[in-house]
Structures are given as C-alpha cells and as structure tokens.
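Novice: Following this message is one structure expressed as structure tokens.
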Amino acid sequence: MALSAKGKVISCVELPPFIDKVTKKAGDKQFVLELMTTNTLSNGNSKNSLLDIKIDESKFNEYQSKVGKEIEFNISLYSKSPISLRAI
C-alpha cells in the first residue's frame, strides 16, 4: 500500500533525545518535519491538520530549505499499537 502526504512545510525540528529512565542512556537523534495539510470535510468545509513526520538526519537540510513551500512525498506507517484504517 502506497501512502503520500501533501502540504506546506511549517518547520523542521531536531527533537530532544529520549533518556532511558533505568540506564540513563540517551537514544538516537530524531528529526521531524512539521507539515500543514488541508482536508475537505464531507460538508464541503476545509480543515487544517498539522502532521509530524519523522525524517532521516541526512534529509534534514533538504527539507529545511523547503520551509513555507508545498511538497508531496511518499510516507510509510509504523506504530507500537494497532492501526485502524478507514476508507475516505
């Protein structure tokens, strides 16, 4: 299944490292792209949604140069809990 996201890049952020409570060891660096998407509702109104999409450190500068611009790219889903999908 192929998924894509399309919207305006709001910002690119390096998240603070996760610190394990037991070992006190810091986790890997994580980078997030904030994307503002616009969805059309069934009544014809539009709703904006802010998505946080994890990106590789190697892509950070590339996406940071696109802040304020519309982009579209392929995404993949992952979760530690079950994901339910709905047809739209």
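The values are calculated or read from the model by the stated rules, or taken from the named source; none is laboratory data. No experiment lies behind these values; they were computed from the predicted model shown. No Cβ is skipped: glycine too gets one built from the backbone with ideal geometry, and neighbour counts run over all protein chains shown.
Novice: For the stretch 1-16: of the residues being modelled with pLDDT under 90 and either more than 17 Å from the chain's Cα centre (by Cα) or of a type in the set (A, V, I, L, M, F, W, C) (or both), which is nearest to residue 60 (Cα to Cα)? Outline the logic, then answer.
Specialist: Going through the stretch 1-16, the residues modelled with pLDDT under 90 turn out to be 1-5.
After this cut, where a residue has to be either more than 17 Å from the chain's Cα centre (by Cα) or of a type in the set (A, V, I, L, M, F, W, C) (or both) as well, the list is 1-3, 5.
Numbers: 1: 26, 2: 23, 3: 21, 5: 17 Å.
It comes out as 5.
Novice: Sticking with this one: May I ask you to list pairs of residues, at least six apart or on different chains, whose Cβ atoms are under 6 Å apart, with the first in the stretch 57-81 being within 13 Å of residue 9 (Cα to Cα) and the second being basic (Lys, Arg) and surrounded by 13 or more Cβ atoms within 10 Å (Cβ to Cβ)?
Specialist: Cβ pairs passing all conditions: 70/8.
Novice: Another question about this same structure. Scan the stretch 63-74 residue by residue and report those that are closer than 21 Å to residue 3 by Cα and either of a type outside the set (A, V, I, L, M) or at pLDDT below 90 (or both).
Specialist: 63, 66, 69, 70, 72, 73, 74
Novice: On to the next question. On the basis of being among the hydrophobic types (A, V, I, L, M, F, W, C) and within 23 Å of residue 79 (Cβ to Cβ), does residue 41 make the cut?
Specialist: For residue 41, the condition - among the hydrophobic types (A, V, I, L, M, F, W, C) and within 23 Å of residue 79 (Cβ to Cβ) - is not met.
Novice: A further question on this structure: How many residues, within the stretch 29-63, are surrounded by 13 or more Cβ atoms within 10 Å (Cβ to Cβ) and in a strand (DSSP E or B)?
Specialist: 11
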